[in-house]
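Structure first, commentary second.
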Amino acid sequence: MKYWFFVLSLIFIRYTGSFAREEGKVLSGYEKDVSGDVLSYHSFHPFASSALLTRCNTGQMSIAWETEAIPVNWKSQEVSFRWIGGFSTGTSDADRYFDFFVNGKKVLTFVTHPGCDTSAWTVKGEGGITLSYKHVWIDHVSDAFGYFLLTIPFRPELAGKPLMLGVTGHAMNDGDWYMTFRHSLHESVKANMVHALVKKGNSAWQVIRLDVDYPENTGKLEIKGFRGEITRLPLRLGYNSLEVYVPEVKKDTVWEFPVRINNNKPQILSVGLKPVDKREIWIIHHSHNDIGYTDLQPNILALQIRNIREALQLIKKTASYPEEARFKWNTEIMWAADAFLQQASAQEKEEFLQAVRDGQMGLQALYDNPLTGLARPEELMRLTDVACYLRDQYHLPVSTAMVSDVPGFSWGLVPALQHKGIRYFTSGPNTGDRVGHSNNAWGDRPFWWVSPDGTGKVLFWMAGKGYSMFHQTRSLRTNHDFSNRLFAYLDELALNNYPYKMVQIRYTVYSDNGPVDPTLSDFVREWNDKYITPRLVIGTTEAMFSKFEREYGADLPAFAGDFTPYWEDGAASTARETGLNRKASDRAIQAEVVSSLTGFSLNRDTLETVWKNIHLYTEHTWGAWNSVSDPDNAGVKGQWHIKQQFALEADRLSQKLLTEALTVNQKGQGGSIVEVINTLSWPRTGIVRIKNPDPAKYKSIVTADGKPVASQMLSTGEIAFLADKVPPLGSKLYRLSATEPSVKTNFPQINNGIQNSRFRLLIDTLNGSISSLLDLTTGREYADAGLYGGINGFVYIKGLSPDRAFVPSDIRVRIKDLGPLVQTIEVTAKSEGVEKVVREISLLEGLDYVLITNRINKIARREKEACYFAFPFKVDKPVVRYDIGWGMVRPDCDQLAGACRDFFSVQRWVDFSAQDYGITLATCEAPLVEFGEISDETGHNSGPRGWKTATPDGSVAYSFVMNNYWHTNYKADQEGWTEFSYALQPHEMFRSAGVYRFGYEQDYPLLTRMVGENQIPLEPLFLLSAPEVNVTGIQTGPNGKIRQMRLFNMSGKPVEFTIKWGKFHPEELYIANHPGKLSSDATLALPAYGIMTLTCE
């Protein structure tokens, strides 16, 4: 198409009146896109919900669009075009400049101003062109939206053609913006059935809504309704609506009625009416607790505490309202409620607790909104500790967990909730940001989510509109289109045959970390006075779920499987801290076990602080909303510093607790006796490394009674030795010796490889991966030639697609340790995106697994990138399994519909097994794995179609260790050294208990301490008769004695067992959440992957 353009000299004029006088008809200023970024966004017009966007960043971000064509028979000397637009002003901090183009030629520059500037303005040119803005609306952050009017001189050659308009923000290194909404302003009238009944006298009347889009400043509409009644509506520019009432219909009916705009010829509108489904809309009012994101974390906490105080006042104020309209508040998470109770006055505390008892304040069970795929299994259990304490201490109703924003959850959360007495789980996800298929699969489809052991379940209900349906508004009373949103939602429910009367709506206003809505109760009372249906109910999750279960629970479907989450990949933007936090979680468990062995009472405040720091790092808010778009911003850096401290403090304090627990009851410290402590519940054999206190004196290790032990001096100066059959939940003593090691086994020395009696391992000198891993006992080769080399191959992705993959070069191989016990080969390399990659692989004589330690020295880059370690295994047609903590999952087979299949959140291991052999990979610090292929990130911000619906086949796992793929929240770059540990264990037929034991042993190392000559081994706390059962956690009381212990059946079959009490013998024994006392010698039973918590008194 040929475009005409104008070159005019222009001046800028500001005034506060209405538009300049318009001659003739105003044409639509937007008809279709030409170019530019498209963004879904809010406006004052319900039909204008997406826009073309330009920013004042690089000066290259342009948008262009076409207008309505100028009529061929245009007679006026001028022609005007109108469209809806918006620009930043409340969020702006300076004047911003935008160039405006007509038919590809710049014709003016307009300026926007900061500080919520909503005045009208006009830019006028000498040639007669004008561009005007008329303000209509400011949003929740005080940015401006209104109508733009372009008037140009008419020339005959323009007739029959559209104009091409465009805007480009100046290069100002800022995110301030202008947008043109993709809505054409044409006269239209539509009649729609509304799923509502109103009260008129003693009768119920059905509602028909007329939606009128009107392109002129003023007008009028007439409609002849029921019994010929004439209704008139003054029309204004833009969207207009009118409700018309007809008697309730009992069957499908078509209504027809004439409508006339101004003095035009009437048109006949028809609308199909159906009987109205009766609905009860449960408004769950809360504030989404993004701990950070919109402000520094301490400021967010103060805001959320203020919300609780304001909610308490509104509860008192509306006490006399009808029950459905009385104000109720849901705390969303325990973080702010816990802090409020710690600082509240005695009166405030009592008012809060009474409001909870009265059902006016809803307490939710989880401490925060966690990324459940990152949380260790015991961490999942302890996420509800604060809520359960309040429930039990003050006799409060706490049976519901709430998570907002996050799409997808680890299956391990189900037993963690059910086991702590939490029966209900409400999810209010983000509605579009990297949510994959989750919302489409489960929105408004409540079901019983069955635990991995098959014996427990929670009622899971995902709000169909997520948690943010009413963002960008300050209250329902000021929400200009609440009824439109609600009735459109009811249309969807009817279309989808939603079978329940009750509907869950999460109500958060303004934005994340939004305020309380003080107008809500009045709005609901007035609404219910008008409408018979839908009825609005302000409720707590507790009340909503209780009623829903009573009415529908028996008929709900039940599903079992992993709802593999979608947002955990962001944690790889801070890989070092993520690894530290995972280790801190395991170390805190070990500290509690050691304290019960040594009789040391851990500092309860410190232990509680450790767990809260662990929880707050796993919490889904990583940083600021502009963490990627403006990473050097002081606020962005401040939020990350606080977030980072959660992991660093968890690491520091967990080490402090473990050190304190280990340093008690050391009789005569400073001797040559080494005590090895096993914190797991089965006998263990493993390599232990200790610092040699006197290298000139001590050369080896012997048993306590002087027998030789396989030992070796390492290149690090440490002594390594084989600790054999260390008792479960107990210890074994060894002695430093001046004699040379007695074991002198010599293994073959091979080029670029190492070998012991179990394995031969070769390094590919082209890329540094393991080209051969031969099991000498079976003759089976486990290393496959993968796309990026062999086992433990490093892969760097530059950009979003694996099409731009790089593998290391400049490979250097050296033998670091070559002894009878430990053989370690070190591979250093350079690669795109990193300064250096160092990979150490160790063979351990007497053990059936391979240890790997990888270290990456990352270069800070803000271009999109990712790092992987590839593990291609030679296993024929494998069954793939991965650990979710309280059970295991086979991709696709054991996943719920809508689960993520691009990457998987793993607790301790993944396994590839054929019928009679396989190999297990323990992942330690790295929680993310991809199967079959490296995912293409390109489509992950483009809705569900960009995400996989099936897991690729194959016997390769990619450990997904680093990325900066997100556009918000997570970190834009990371740099420096980060360590990732792995272990490989070939095995015969797959047995889950054996695989679980291997995984636990990598994360719960044998502990050591130097003790005196008079030390005796720590007596085992107790012994379990079934090796399939593991003690996953022990909690001690103030006296250092065991208060509670958790048992987990690691096998895929039911098991019965007894406990032989040792150092510890409870006076009374109970199964948590079960009535009745147990005898200490009772036979206990656990289903496959079952959990049991024993309470000891």
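The values are calculated or read from the model by the stated rules, or taken from the named source; none is laboratory data. Because the structure is a prediction, the values reported are computed rather than measured. Cβ placement follows ideal geometry from the backbone for every residue including glycine, while neighbour counts extend to all protein chains displayed.
Quick rundown of the values:
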| item | result |
| --- | --- |
| Matching entry among I300, I305 (being modelled with pLDDT of 95 or more, surrounded by 20 or more Cβ atoms within 10 Å (Cβ to Cβ) and among the β-branched types (V, I, T)) | I300 |
| Whichever residue in the range 558-607 is of a type in the set (S, T, N, Q), in contact with a helix residue (DSSP H, G or I) (Cβ under 8 Å, 6 or more places away or on another chain) and not in a helix (DSSP H, G or I) and, among such residues, is nearest to W625 (Cα to Cα) | N603 |
| G146 vs. criteria in a strand (DSSP E or B) and either in the same structural domain as E256 (by TED's automatic domain parsing) or of a type outside the set (S, T, Y) (or both) | yes |
| Unique residue being surrounded by fewer than 19 Cβ atoms within 10 Å (Cβ to Cβ), acidic (D, E) and not assigned by TED's automatic domain parsing to the domain that holds A783 when the list is E1013, E979, E975 | E1013 |
| Test: residue in the range 936-953 that is assigned by TED's automatic domain parsing to the domain that holds D911, touching a Ser or Thr at 6+ places or on another chain (Cβ under 7 Å), closer than 19 Å to P872 by Cα and without any contact (Cβ under 8 Å) to a residue 40 or more places away in the chain | no |
| Lone unmet requirement of (1) touching a Lys or Arg at 6+ places or on another chain (Cβ under 8 Å); (2) surrounded by fewer than 24 Cβ atoms within 10 Å (Cβ to Cβ); (3) touching a residue at least 40 places away in the same chain (Cβ under 8 Å) for D444 | (1) |
| Total residues in the range 856-880, condition assigned to a strand (DSSP E or B) and within 26 Å of V628 (Cβ to Cβ) | 8 |
| Pairs where the first residue, in the range 343-357, is touching a residue at least 24 places away in the same chain (Cβ under 8 Å) and the second is hydrophobic (A, V, I, L, M, F, W, C) and in a loop (DSSP other than H, G, I, E, B), C-beta under 8 Å, 6+ apart | F352/A344; L353/L396; V356/L363; V356/L396; R357/L396 |
| Selected residue [within 16 Å of I1091 (Cα to Cα) and surrounded by fewer than 15 Cβ atoms within 10 Å (Cβ to Cβ)] from N1073, N1049 | N1073 |
| Filter pass, S905 being among the small types (G, A, S), more than 26 Å from E379 (Cα to Cα) and buried (at least 19 other Cβ atoms within 10 Å of the Cβ) | no |
| All positions within the range 838-863 that are surrounded by 19 or more Cβ atoms within 10 Å (Cβ to Cβ) and under 21 Å from F903 (Cβ atoms) | I852, N854, I856, K858 |
| Matching entry among D491, D512, D562 (being modelled with pLDDT under 95, buried (at least 20 other Cβ atoms within 10 Å of the Cβ) and either not hydroxyl-bearing (S, T, Y) or not assigned by TED's automatic domain parsing to the domain that holds G408 (or both)) | D512 |
| Neighbours by Cβ (under 6 Å, 6+ apart or cross-chain): first from the range 307-327, assigned by TED's automatic domain parsing to the domain that holds E348; second of a type in the set (G, A, S) | N307/S287; I315/A355; T318/S521; Y321/S521; A325/S521; F327/S521 |
| Count of the range 198-210 residues which are of a type outside the set (V, I, T), touching a strand residue (DSSP E or B) at 6+ places or on another chain (Cβ under 9 Å) and surrounded by fewer than 21 Cβ atoms within 10 Å (Cβ to Cβ) | 6 |
| Number of positions in the range 457-484 that are at pLDDT 95 or above and either over 19 Å from A416 (Cα atoms) or among the small types (G, A, S) (or both) | 5 |
| Among residues of the range 150-190, those that are buried (at least 21 other Cβ atoms within 10 Å of the Cβ) and assigned to a strand (DSSP E or B), counted | 13 |
| Test result for I268, hydrophobic (A, V, I, L, M, F, W, C) and in the same structural domain as I208 (by TED's automatic domain parsing) | yes |
| Residues of the range 721-773 classified as within 18 Å of G789 (Cα to Cα) and among the acidic types (D, E), total | 1 |
| Residue in the range 838-845 that is at pLDDT 95 or above, farther than 17 Å from F960 by Cα and assigned to a loop (DSSP other than H, G, I, E, B) present | yes |
| Complete set of residues in the range 531-557 that are outside any loop (DSSP other than H, G, I, E, B) and hydroxyl-bearing (S, T, Y) | Y531, T533, T541, S546, Y552 |
| Looking only at the range 658-716, and only at residues there that are hydrophobic (A, V, I, L, M, F, W, C) and in a loop (DSSP other than H, G, I, E, B), the one that is farthest from T1008 (Cα to Cα) | A696 |
| Positions within the range 608-637 being assigned to a helix (DSSP H, G or I), surrounded by 17 or more Cβ atoms within 10 Å (Cβ to Cβ) and not aliphatic (A, V, I, L, M), in sequence order | W611, K612, N613, H615, Y617, T618, G635 |
| Residue among G579, G599, G553 that alone is modelled with pLDDT under 95 and of a type in the set (G, A, S) | G599 |
| Search result, residues across the range 225-243 that are surrounded by 12 or more Cβ atoms within 10 Å (Cβ to Cβ), free of Cβ contacts under 8 Å to residues at least 40 places away in the same chain and over 30 Å from L149 (Cβ atoms) | G225, F226, T231 |
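Every residue, every condition in (1) out of contact with any Ser or Thr (no Cβ under 6 Å at 6 or more places or on another chain); (2) under 21 Å from E975 (Cα atoms); (3) assigned by TED's automatic domain parsing to the domain that holds H967, yes or no:
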{"position": "L818", "(1), (2), (3)": "yes, no, yes"}
{"position": "Q823", "(1), (2), (3)": "yes, no, yes"}
{"position": "A829", "(1), (2), (3)": "yes, yes, yes"}
{"position": "V834", "(1), (2), (3)": "yes, yes, yes"}
{"position": "L843", "(1), (2), (3)": "yes, no, yes"}
{"position": "G846", "(1), (2), (3)": "yes, no, yes"}
{"position": "L851", "(1), (2), (3)": "no, no, yes"}
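Yes/no matrix, rows are residues, columns are (1) more than 24 Å from V435 (Cα to Cα); (2) assigned to a helix (DSSP H, G or I):
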position	(1), (2)
E933	no, no
T938	no, yes
S959	no, no
N969	no, no
F980	yes, no
